[in-house]
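All remarks here apply to the structure that follows.
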Amino acid sequence: MKLATLKNGTRDGRLALVSRDLTRFTDAAFLAPTLQAALDDWQRISPHLQALAESLEHGSVPAGRFHEHDVHSPLPRAYQWADGSAYVNHVELVRKARGAEMPPSFWSDPLIYQGGSDGFLDPRSPILAAGEDLGIDMEAEIAVVVGDVPMGATRDEALASVRMLMTVNDVSLRALAAPELAKGFGFFQSKPASAFSPVAVTPDELGEAWRDGKVHLPLHVDLNARPLGRADAGTDMTFDFGQLIAHAAKSRRLGAGTIIGSGTVSNKLDGGPGKPVSEGGAGYSCLAELRMVETILTGAAVTPFLRFGDIVRIEMKDRSGHSIFGAIEQRVERYGSGRQET
């Protein structure tokens, strides 16, 4: 089933079920007012949500036209957002971009940082920044939403906790990242609010594409209506979601509604860093990778980071070409005095 959070003038919105083709929705708030409420009582609520989803597909319940502009991120805010970096090819390239070596342990021990979760961007809200000199970048990812995970969970226990999946734009300010990390205390200002897809889907909606704790489909990333990335999310994923969740739960329990991100989806090509889509490669899910490849090949980065007015679109489609999660589509805009994120 596919779930969305309709805007209703409150921070947490109103829970709705969305048809598989993303054209219709029906109110689900009589079962649980919000997605977080449903996750808190998932064992009891989910069968009722599934029955309602089937009724929606059969046209036997009242339905309205679904518009992706009318929704928050599925969880407008969350108790926890922990983003991994499961694609080590991405880690290697981005670290090279800031002159940092990659320790061998990165191939065996996952990286995770704890992001801000008190408010996420809507999938169609602008990316706001004070200036283009901050190195504004998109990072296209997959994320899972989990139920309660006990401390010390095994990989299989962790994988069984996955309730839903989403796509993500984990916005980064590259010019702030290196000085922050040099302090040895992690990201903060360099990681503003992230945006998630219009709908969250249960694993069964992905069919055979969801296996081994990975999503085996390309993630489409467009910049100003031109293909930037088509990397397959199931390829070159060094750590699957079971491993990422278990890593996060090593020393703490994870509460229902915790979001775990995959990190930027990244593919190699013949053992190398990959090629642009225009040259027959899988392209890139962020600009930092493309700039690093340009530096490797020509000695200097040519592609700029995001500029005001640029439009980023992130979407995943099934084998038939139908959108699964809906599209994240965001315009980059200048942050002004008194301007609030929506």
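Side notes on the structure shown:
- Normalising the average separation of contacting C-alpha pairs (under 8 angstrom, six or more residues apart) by the number of residues puts the relative contact order of the range 22-113 at 28 percent.
- Helical contribution to [θ] at 222 nm, DSSP H n ≥ 4, -39,500 (n - 2.57), averaged over the chain, rounded to 500: -6000 deg cm²/dmol
- Annotation note: trypsin sites (Lys or Arg not before Pro) in the range 276-333 located in DSSP loop regions with a Cβ neighbour count of at most 16 within 10 Å are 307, 319.
- Checking the cross-link pairs 214/275; 191/275; 214/250; 250/317; 7/250; 191/250 against a 31 Å limit on the alpha carbon distance flags 250/317; 7/250 as lying beyond it.
- Carbon and sulfur %, accessible surface of the range 219-259 computed with the full protein complex present, 1.4 Å: 45
- Label-to-label distance, nm, for residues given as residue 106 and residue 7 (7 Å Cα→Cβ offset): 3.9
- With a cut-off of 20 Å on the backbone N, the residues of the range 304-332 near the modelled label site 7 Å out from residue 21 along Cα-Cβ are 316-327.
- Accessible area, probe 1.4 Å, largest first, for residues 151, 316: 151, 316
- Highest mean packing comes first when the peptides 44-51, 230-237 are listed by Cβ atoms within 10 Å, giving 230-237, 44-51.
- DSSP-loop trypsin sites (Lys or Arg not before Pro) across the range 107-202, with at most 11 other Cβ within 10 angstrom: 183
- Listed residue (72, 265, 4) projecting farthest to the positive dipole end of the chain, Cβ model: 72
- Charge-dipole axis of the chain as Lys and Arg at +1 and Asp and Glu at -1 on Cβ define it, positive-most pick from 17, 335, 209: 335
- Applying a DSSP loop filter and a limit of 15 other Cβ atoms within 10 Å to the chymotrypsin sites (Phe, Trp or Tyr not before Pro) in the range 142-189 leaves 185, 188.
- Per residue value of the accessible surface for the chain (all protein chains in place, 1.4 Å probe), Å²: 43
- Between the range 33-57 and the range 286-326, the Cα center-to-center distance that results, in Å: 35
The values are calculated or read from the model by the stated rules, or taken from the named source; none is laboratory data. Everything quoted here is computed from the prediction, not taken from an experiment. Positions of Cβ are generated from backbone atoms using ideal geometry, with glycine treated the same way; all protein chains shown enter the neighbour counts. These area figures cover heavy atoms from the full protein model, side chains too; ligands, DNA and RNA do not enter into them. Shrake-Rupley method; radii C 1.70, N 1.55, O 1.52, S 1.80 Å.
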